Amino acid sequence: AWVLDLTGEVDSYNSPRLKEQMAALLEEGAANLTLNLTDVEYIDSTGLGTLVAGLKRAKELEGGIRIICPRAEIYKVFTITGLVRVFEMHEDEKSAFGE
């Protein structure tokens, strides 16, 4: 499984780069991605949209995206938007990878 460790802000400024990275990995055959948001301090609607677009593409390739999100303030954004029901959410790498 491929893991992308995201840091800082996932917003309109950084989302295009994230979109490119996810697309490249998916096209290389990594249909299952894990996004580690442990060091993400902020995520906006553009960032969420990028994640949803990545998930849609992963599902087209019969894969998926799991998210590691231990920060309560970031997890709250996924809860408010209902995306906790869309993504496979985990508190840490141990639970994400079944260790």
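Here the Gaussian network model covers the chain, with springs between Cα atoms less than 10 Å apart; of GLY82, GLY63, GLY47, GLY82 fluctuates the most.
Note on the chain: with a GNM built from Cα contacts shorter than 10 Å, the maximum mean-square fluctuation among THR50, THR34, THR79 falls on THR79. Given a 1.4 Å probe and the protein chains as shown, TYR75 ends up with an accessible area of around 90 Å².
With R₀ fixed at 22 Å, the C-beta to C-beta distance from GLU91 to LYS56 puts the FRET efficiency at about 0.35. Normalising the Debye intensity of the chain to I(0), with uniform scatterers on Cα atoms only, and taking log10 at q = 0.11, 0.17, 0.19 Å⁻¹ returns -0.27, -0.68, -0.87. For region 45-53, backbone phi angles converted through the Karplus equation (6.51, -1.76, 1.60; θ = phi - 60°) give residue-by-residue couplings of 5, 5, x, 4, x, 5, 5, 5, 4 Hz, Gly and Pro being listed as x. Volume per residue of the convex hull around the Cα atoms, evaluated for region 60-99, comes out as 69 Å³. Both radii are taken from the alpha-carbon atoms of region 1-52; with Rh as the Kirkwood radius, Rg/Rh is 0.95.
The values are calculated or read from the model by the stated rules, or taken from the named source; none is laboratory data. Bear in mind the structure is a predicted one, so any value in this text is a computation, not a measurement. Backbone-built Cβ (ideal geometry, glycine too); neighbour counts: all protein chains shown. Remember, those area values only see protein heavy atoms, side chains included, never the ligands or the DNA or RNA. Shrake-Rupley method; radii C 1.70, N 1.55, O 1.52, S 1.80 Å.
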